[in-house]
Each structure stands twice: as structure tokens, then as C-alpha cells.
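Take a look at the structure below.
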């Protein structure tokens, strides 16, 4: 028997040799398949990496805008609360402070409008983020 780069006597008959040969062929097929699987795994990993990078590239500007909106909203809420506190003071409604009262009311309305628009945009961005599959 000549196999694996060696020559040695074979103990068995032709049926045993046929079985041995079938086993060897199966081993060769499995080895070839495992090499093919390794190559396909590498290809799959490369494709997955490319997909992750694409998702990250899509998500990054959205996340950046969300962070900016959250910072703005936080500041606007603080400013609006300060306006609300000042508007709750009874001294503001005296005849001498009409200009300040009008300015505070205008500021309060502007801040409320900005907050409402920012909240709407924030929700839109989160819907867009949810539409992009999460990064594994």
C-alpha cells in the first residue's frame, strides 16, 4: 500500500482496501470543505466588517446631531425655567416693568418654539436611527 508518502504492507483483502480507500476519500473531502469554509468565513467576516462600517457611517452624523440637539434643549430648558421663575414674581407686573415683562414673554415663547422644534427633530432622528440595524 502506498499512501501518505509511504509504502507499507496492507493487512486485509480487497473489500478492506475498498473501505479504507472510501474513508481516505471522505477525509480528503472534509479537509477540502474545511479549507473552503475557512475561506468563506474570512469572506463573511470581511463582508460583516464592511456592513458594520457602513452602518456606523450612516449612524455617526445622526448621533452627532442628536447630541447637539440634546445639549441645546438642555440649555433652552434652563433658560425657560429662569423665564418662568421671573414671570411668577408679582413685582414684574407693576407699571414700571412693562418692557421687561414683554421681553420675558417673547423670550419664553421663543424658547418654547425652539424646544418644540428640537423635540420634533429629535424624534425624527431617533426614528432614522432605529431604521438602521444596530451595530453588533
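A few remarks follow.
- Residue count, the stretch 83-99 (criterion: loosely packed, with under 14 Cβ neighbours inside 10 Å and either within 47 Å of the chain's Cα centre (by Cα) or in a loop (DSSP other than H, G, I, E, B) (or both)): 5
- Being at pLDDT below 80 and surrounded by 10 or more Cβ atoms within 10 Å (Cβ to Cβ) is a property that holds for residue 42.
- One residue from 80, 49, 106 being modelled with pLDDT under 90 and assigned to a helix (DSSP H, G or I): 49
- Selection within the stretch 51-74: residues that are surrounded by fewer than 11 Cβ atoms within 10 Å (Cβ to Cβ) and under 16 Å from residue 115 (Cβ atoms). The member of this set that is nearest to the chain's Cα centre (by Cα) is 71.
The values are calculated or read from the model by the stated rules, or taken from the named source; none is laboratory data. Just so we're clear, the structure is a prediction, and the values are computed from it rather than from any experiment. Reconstructed Cβ throughout: ideal geometry from the backbone, glycine too, with neighbour counts over all protein chains shown.
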